[in-house]
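A quick write-up on the structure given underneath.
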Amino acid sequence: MRNLVLMRSPGGADEAILAAIKPHLQSGSIVTDAGSTKGDVVACARRRWAKKIAQFVPGHPIAGRELNGPDAAIADLYVGKKTVLTALPENKYMMSRR
(Lines give C-alpha, C1' and ligand atoms only; values in the text may rest on other atoms or scores of the structure.)
Protein backbone atom coordinates (compact mmCIF):
# COMPACT_ATOMS: atom_id res chain seq x y z
CA MET A 1 0.00 0.00 0.00
CA ARG A 2 1.28 3.45 -0.91
CA ASN A 3 0.45 6.57 1.04
CA LEU A 4 1.22 10.16 0.18
CA VAL A 5 1.74 12.58 3.05
CA LEU A 6 1.77 16.32 2.34
CA MET A 7 3.61 18.19 5.04
CA ARG A 8 3.40 21.93 5.54
CA SER A 9 4.74 23.35 8.72
CA PRO A 10 5.65 26.78 9.98
CA GLY A 11 9.32 27.66 9.82
CA GLY A 12 11.38 25.80 12.36
CA ALA A 13 8.89 22.97 12.93
CA ASP A 14 10.10 20.66 10.12
CA GLU A 15 12.57 18.75 12.28
CA ALA A 16 10.02 17.93 15.00
CA ILE A 17 7.37 16.90 12.47
CA LEU A 18 9.76 14.68 10.51
CA ALA A 19 10.90 13.04 13.76
CA ALA A 20 7.29 12.47 14.84
CA ILE A 21 6.15 10.80 11.62
CA LYS A 22 9.25 8.64 11.09
CA PRO A 23 8.08 5.71 13.28
CA HIS A 24 4.75 5.61 11.41
CA LEU A 25 6.23 5.70 7.91
CA GLN A 26 5.39 2.54 5.98
CA SER A 27 7.86 1.27 3.39
CA GLY A 28 5.76 2.43 0.43
CA SER A 29 4.83 5.82 1.84
CA ILE A 30 6.03 9.03 0.22
CA VAL A 31 6.24 12.34 2.08
CA THR A 32 6.41 15.67 0.31
CA ASP A 33 6.29 19.19 1.62
CA ALA A 34 4.61 22.39 0.56
CA GLY A 35 7.19 24.90 1.70
CA SER A 36 8.64 27.50 -0.58
CA THR A 37 12.28 26.74 0.22
CA LYS A 38 13.94 23.35 0.16
CA GLY A 39 17.37 23.65 1.79
CA ASP A 40 16.26 23.56 5.41
CA VAL A 41 13.59 20.87 5.06
CA VAL A 42 15.91 18.61 3.03
CA ALA A 43 18.67 19.03 5.63
CA CYS A 44 16.19 18.13 8.39
CA ALA A 45 14.97 15.08 6.47
CA ARG A 46 18.52 13.87 5.90
CA ARG A 47 19.33 14.27 9.63
CA ARG A 48 16.14 12.67 10.90
CA TRP A 49 15.49 9.96 8.33
CA ALA A 50 18.94 8.83 7.12
CA LYS A 51 18.07 5.48 5.50
CA LYS A 52 14.48 6.54 4.81
CA ILE A 53 15.49 9.70 2.91
CA ALA A 54 14.36 8.11 -0.38
CA GLN A 55 10.80 8.41 0.92
CA PHE A 56 11.02 12.20 1.09
CA VAL A 57 10.37 13.98 -2.21
CA PRO A 58 10.64 17.75 -1.75
CA GLY A 59 7.83 19.66 -3.41
CA HIS A 60 6.69 23.19 -4.04
CA PRO A 61 3.04 23.81 -4.93
CA ILE A 62 2.64 26.78 -7.22
CA ALA A 63 0.12 28.41 -4.94
CA GLY A 64 0.08 31.00 -2.25
CA ARG A 65 -0.62 34.58 -1.47
CA GLU A 66 1.20 37.66 -0.40
CA LEU A 67 -0.33 37.29 3.07
CA ASN A 68 0.67 34.69 5.63
CA GLY A 69 -0.34 33.35 9.01
CA PRO A 70 -3.53 31.64 10.20
CA ASP A 71 -5.76 34.60 9.38
CA ALA A 72 -4.66 34.46 5.72
CA ALA A 73 -5.46 30.75 5.30
CA ILE A 74 -7.82 29.65 2.53
CA ALA A 75 -9.33 26.17 2.41
CA ASP A 76 -8.90 25.60 -1.34
CA LEU A 77 -5.35 26.97 -1.67
CA TYR A 78 -4.05 23.89 -3.53
CA VAL A 79 -7.15 23.07 -5.59
CA GLY A 80 -6.29 23.09 -9.29
CA LYS A 81 -2.67 24.07 -8.68
CA LYS A 82 0.46 22.41 -10.04
CA THR A 83 3.37 21.24 -7.89
CA VAL A 84 7.05 21.21 -8.75
CA LEU A 85 8.80 18.15 -7.33
CA THR A 86 12.48 18.72 -6.62
CA ALA A 87 13.59 15.11 -6.44
CA LEU A 88 16.64 14.00 -4.51
CA PRO A 89 19.15 11.53 -5.98
CA GLU A 90 17.87 8.97 -3.46
CA ASN A 91 14.33 9.20 -4.86
CA LYS A 92 15.33 7.09 -7.87
CA TYR A 93 15.15 4.03 -5.61
CA MET A 94 11.53 4.76 -4.66
CA MET A 95 10.51 5.54 -8.22
CA SER A 96 11.96 2.25 -9.47
CA ARG A 97 9.81 0.30 -6.97
CA ARG A 98 6.49 1.36 -8.54
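The values are calculated or read from the model by the stated rules, or taken from the named source; none is laboratory data. Please read all numbers here as calculations on a predicted model, not as lab measurements. Positions of Cβ are generated from backbone atoms using ideal geometry, with glycine treated the same way; all protein chains shown enter the neighbour counts. Surface areas here come from the heavy atoms of the whole protein model, side chains and all, with no ligands, DNA or RNA. Shrake-Rupley method; radii C 1.70, N 1.55, O 1.52, S 1.80 Å.
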Exercise. So which aspartates and glutamates pass the test for Lys51, namely a Cα distance under 13 Å, with those fewer than 8 places away in the same chain ruled out?
Worked result: Glu90
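Could you compute the net charge surrounding Ile62? Neighbours are other residues with a C-beta less than 10 Å from the C-beta of Ile62; K and R count +1, D and E count -1. Kindly include the intermediate steps, with their values, before the conclusion.
Numbers: positive: Lys81, Lys82; negative: none.
Taking every Cβ under 10 Å from that of Ile62, the sum is +2.
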Seminar exercise, completed: For the chain, the percent of accessible surface on carbon and sulfur atoms (probe 1.4 angstrom, ligands and nucleic acids excluded) is 57
For this session: Working from Cα positions, state the angle (0 to 90°, nearest 10) between the long axis of helix 39-49 and the longest principal axis of the chain.
Result: 40
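Rounded to the nearest 20 debye, what is the charge dipole size of the chain about its Cα centre when +1 sits on each Lys and Arg Cβ and -1 on each Asp and Glu Cβ? Working shown, then result.
Details: 15 positive and 8 negative charges, 126 e Å.
Computed about the Cα centre, the dipole is about 600 debye.
Can you give the accessible area per residue of the chain, in Å², using a 1.4 Å probe?
Per-residue value: 67 Å².
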Problem set entry | Vicinal HN-Hα couplings computed from phi for segment 8-21 (Karplus, 6.51 cos²θ - 1.76 cosθ + 1.60; Hz; Gly/Pro x) | 9, 10, x, x, x, 9, 4, 4, 5, 5, 4, 5, 5, 8
Exercise. Taking the Cβ-Cβ separation of Leu85 and Arg46 as r and a Förster radius of 25 Å, what is the calculated FRET efficiency to the nearest 0.05?
Worked result: 0.90
Problem set entry | Contact order relative to length of the chain, as percent, for alpha carbon pairs under 8 angstrom and 6 or more apart | 26
For this session: Taking H placed 1.01 Å from N in the peptide plane, check which residues at least 5 places from Ile30 or on another chain put their amide H under 5 Å from its amide H.
Result: Asn3, Leu4, Val5
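Based on the inverse mean of 1/r over its pairs of different Cα atoms, what is the Kirkwood hydrodynamic radius of the chain, in Å? Intermediate values should be presented prior to the final figure.
Numbers: mean 1/r = 0.0703 Å⁻¹.
For the chain, the Kirkwood estimate is 14.2 Å.
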Problem set entry | Sorted peptide list for 54-64, 32-42, 81-91, criterion being average Cβ within 10 angstrom, highest first | 54-64, 32-42, 81-91
